[in-house]
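**Student:** To start, I am sharing the structure in question, which I have written as structure tokens.
The values are calculated or read from the model by the stated rules, or taken from the named source; none is laboratory data. Everything numeric in this text was worked out from a predicted model, so none of it was measured. Note that we place each Cβ from the backbone using ideal geometry, even for glycine, and neighbour counts take in every protein chain shown.
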Amino acid sequence: MGMIEGVLGFLFGNGRNVVKETVEVFRENANEADQRGTQVQIQAMEQHGAEFAVARQGGFDQFMDGVNRVPRPLLALGTIGLFVCAMVDPIWFAERMQGIALVPEPLWWLLGVIVSFYFGARHQVKTQQFQREIAATVTRAPQVMENIRQLREMRHDDPGTADTGADSGLQFAALIPDPNPALEAWRKKRA
């Protein structure tokens, strides 16, 4: 009995638990991990709250806070709005997209850089020939104008869009019956 007491005293004596301490070398104590996680969460919330605890000095600070919150919702809602416009009035949408086709590529780069910097992303600017892109854009202008003209001709709200005009050949063809062999055989049988 003395040997068992000695081993148990060694393992669990003096307020120590050698088994627990050994297991914690290989596996984290879940209870203590939860307590640490809670402390981290509380500290993060306190730090976040401290940012907004500072009293704003004037209307300009409040205005700038509001302006900083505008671009992301505008981009998201604007994109959704484009999808809605494309479904509601496809011709109107296609006309606007033809206009966007005339925007030169360097201007798209500039927009990409601005948006990338605003959202914290890194943007690597490529070196392209600006004059070549302008020339390509100018050469596309006549095709874009023709596309817009054709799109406007397809509008459903123009009077006479569905009118086929006076097509006497079509009216005459509608009066001539098509040959029907089954009907002819039935008539012969009846007669």
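**Student:** Taking Glu32, is it assigned to a loop (DSSP other than H, G, I, E, B) and modelled with pLDDT of 80 or more?
**Tutor:** When the stated conditions are applied, Glu32 does not pass them.
**Student:** Given the residues Gly99, Gly81, which is the only one that is in contact (Cβ under 8 Å) with a residue 12 or more places away in the chain and in a helix (DSSP H, G or I)?
**Tutor:** Going through Gly99, Gly81 in turn, the sole match is Gly99.
**Student:** Checking Ala55 against (1) at pLDDT below 70; (2) exposed (fewer than 11 other Cβ atoms within 10 Å of the Cβ); (3) in a helix (DSSP H, G or I): exactly one of these is not met. Which one?
**Tutor:** Tallying (1) at pLDDT below 70; (2) exposed (fewer than 11 other Cβ atoms within 10 Å of the Cβ); (3) in a helix (DSSP H, G or I), Ala55 fails exactly one: (3).
**Student:** Just name the residue that is farthest from Met97 (Cα to Cα) out of those in segment 125-149 that are among the polar types (S, T, N, Q) and at pLDDT 85 or above.
**Tutor:** The qualifying residue farthest from Met97 (Cα to Cα) is Gln143.
**Student:** Right, another one. Could you check Pro179 against (1) outside any helix (DSSP H, G or I); (2) modelled with pLDDT under 75; (3) not basic (Lys, Arg) and say which number it fails?
**Tutor:** Checking Pro179 against (1) outside any helix (DSSP H, G or I); (2) modelled with pLDDT under 75; (3) not basic (Lys, Arg), the one that fails is (2).
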